[in-house]
């Protein structure tokens with residue numbers, strides 16, 4: 001039986017961040033990943049010679065070289081990574097697009113501020129007051145009381161359209177709650193998207209993951225793929241290790257789980273309260289612990305750059321209704337709002353080989369999970385939908401038919417915000433909440449995990465701590481900082497190791 005200083009469940013951004021940090025201080029650490037590739041919610045794959053990212057539209061929290069005191073700066077210092085190793089290239093500009101109104105924003109916050117003053121002149125002072133409230137709040141205080149963002153935002157912004165336009169990007173890129181956010185998470189996302197902004201490596205998420213894996217292995221960490229955790233082992237009120245899917249047992253002084261709050265509870269089993277009562281791991285019995293927010297995403301490969309079709313924005317957050325409804329839809333999808341990403345519109349040194357338009361919509365996991373899979377369908381399957389030139393091809397199963405139907409609905413509903421592009425589409429690929437559930441293990445395909453966040457990381461069991469999405473830090477940078485901060489707090493500080501880089 002092998003013993004470790006720390007076992008980390010999940011090789012996503014938070015798991016790798018925690019692993020690097022611990023290995024740097026000579027801790028014996030292993031990262032366990034159920035699948036054959038690392039990255040979790042942010043991974044990559046290849047299909048018919050095309051390279052596709054999963055999850056990553058952009059890295060938020062951009063910080064220029066030499067900037068001080070920002071999340072990206074702290075991350076680089078903690079992991080001893082040089083700024084230029086990330087190969088980050090900023091967005092041009094993005095937009096929040098509503099019926100009859102569009103607000104542009106970039107990595108220069110003054111663009112958004114001027115856009116709000118232009119489009120909503122009566123709200124300019126309130127927007128400045130909200131901005132100041134965001135600047136003044138310490139989102140790193142893990143013991144701060146939980147506040148509802150809607151109440152605070154609407155105390156400054158009286159126009160519901162502007163309030164919705166502010167919430168839309170923040171919710172799509174990080175909220176596990178329907179139609180509201182915790183104030184601390186609102187602040188995190190506001191700063192990361194509007195104050196700091198978007199950037200992307202030339203090679204996409206695979207570049208970031210390769211950098212992290214190389215750094216982890218160089219520091220002496222162990223990575224085990226296809227090593228799923230079946231059970232977290234306990235003695236009394238303490239975790240002592242894990243049992244893998246193959247029956248192998250590993251022991252550890254500390255277990256850091258990025259699997260999610262509900263998922264970690266299930267791995268502990270009867271030792272803790274069930275997710276239904278969630279008195280031990282959750283802490284708030286009024287909130288259902290399983291997240292309801294899942295998504296579909298369609299990737300469209302074009303025969304020319306998006307800019308040549310007249311699309312200048314890097315990312316567009318859109319809504320077609322009078323009010324923005326960020327909630328689980330009653331149908332398989334809600335295509336009336338979403339995110340349109342044009343990766344080639346970042347200020348990249350070279351135009352990517354693949355010209356892409358990615359469209360993300362809110363989806364209902366239970367509805368997708370109930371669609372008849374058809375003979376031979378595998379849960380990990382993604383759509384190989386016929387391109388527009390061959391739509392007479394018959395779908396191979398009800399699941400494929402559902403994908404084709406919602407592909408068409410999704411594309412139709414973005415045409416109020418970008419030109420018709422389907423005549424230039426040569427290939428499409430699509431994932432649904434079932435795909436998310438398969439590759440992440442998140443109950444309900446909940447991309448942002450549980451609406452209940454454990455900001456201190458404490459699970460209710462000594463030696464078991466939550467990192468990643470359900471600890472509460474958001475985005476790629478936030479996820480890595482979550483892993484780092486929990487590794488510092490619950491392993492390095494406990495062992496009296498230095499935690500400064």
inquiry  = What distance in nm lies between label points placed 7 Å from Cα along the C-beta direction at residue 210 and residue 303?
reply    = 3.1
ask   = FRET efficiency for residue 226 and residue 312, Cβ-Cβ distance as r, R0 = 56 Å, nearest 0.05?
value = 0.80
request  = For n ≥ 4 DSSP H runs only, could you compute -39500 (n - 2.57) per run for the chain, divide by its residues and tell me the 222 nm figure to the nearest 500?
outcome  = -8500 deg cm²/dmol
ask   = Where does each of 443-454, 355-366 land if you order them by average Cβ count within 10 Å, highest first?
value = 443-454, 355-366
remark   = On the formula 1/(1 + (r/R0)^6), with r taken between the Cβ atoms of residue 353 and residue 321 and R0 of 35 Å, the FRET efficiency rounded to 0.05 is 0.45
ask   = Could you give the length gained on full extension between residue 159 and residue 370, defined as 0.36 nm per residue of separation minus the Cα-Cα distance, in nm?
value = 72.0 nm
query = If you count, for each residue, the other Cβ atoms within 10 Å and average over each peptide, how do 179-189, 79-89 line up from highest to lowest?
reply = 179-189, 79-89
ask   = Taking the Cα centre of each part, how many Å lie between region 188-207 and region 122-142?
value = 21
request  = Mind running the shape call on region 23-119? Use the C-alpha gyration tensor, a ≥ b ≥ c as the square roots of the eigenvalues: rounded below 1.5 for a/c, prolate if a/b tops b/c, oblate otherwise.
outcome  = oblate
task = Consider all pairwise Cα distances in region 403-464 and report the whole-number % of them above 15 Å.
result = 69
request  = Report, in degrees rounded to the nearest 10, the 0 to 90 angle that the Cα long axis of helix 124-136 makes with the longest principal axis of the chain.
outcome  = 20
message = What FRET efficiency comes out for residue 122 versus residue 178 if R0 is 22 angstrom and r is the Cβ-Cβ distance? Round to the nearest 0.05.
response = 0.15
query = Taking a ≥ b ≥ c as the square roots of the eigenvalues of the Cα gyration tensor of region 454-495, is the shape rounded (a/c under 1.5), prolate (a/b larger than b/c) or oblate?
reply = oblate
query = Of all DSSP beta bridges located in region 1-88, what percent are antiparallel, nearest 5?
reply = 55
task = Quick one: order 155, 336 by neighbouring beta-carbon count within 10 Å, fewest to most.
result = 155, 336
task = Determine, for each peptide in 427-440, 463-476, 338-351, the mean count of other beta carbons within 10 angstrom over its residues, then list the peptides with the highest first.
result = 463-476, 427-440, 338-351
ask   = Taking the Cα centre of each part, how many Å lie between region 209-234 and region 59-74?
value = 26
request  = Mind giving me the nanometre distance, one decimal, between the label points for residue 132 and residue 420, set 7 Å out from Cα along Cα→Cβ?
outcome  = 5.0
ask   = In whole percent, what relative contact order does region 125-195 give with Cα contacts below 8 Å and a gap of six or more residues?
value = 42
ask   = Kirkwood hydrodynamic radius (Cα pairs, Å) of region 83-128?
value = 12.1
ask   = Based on the alpha-carbon gyration tensor of the chain, what equivalent-ellipsoid semi-axes (square roots of 5 times the eigenvalues) come out, in whole Å, largest first?
value = 34, 27, 23
Zone residues, region 178-215, relative to residue 68, backbone N less than 20 Å from point 7 Å out along Cα-to-Cβ = 196
task = Can you tell me the equivalent ellipsoid semi-axes for region 92-197? Use √(5λ) from the Cα gyration tensor, largest first, whole Å.
result = 21, 15, 14
Fraction of beta bridges assigned by DSSP in the chain that are antiparallel (%, nearest 5) = 70
ask   = If you wrap a convex hull around the Cα atoms of region 137-203, how much volume per residue is inside, in Å³?
value = 116
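Read-outs: derived from the displayed coordinates by stated rules, not from any lab. A quick note: this is a predicted structure, and the numbers were derived from the prediction, not measured. Positions of Cβ are generated from backbone atoms using ideal geometry, with glycine treated the same way; all protein chains shown enter the neighbour counts.
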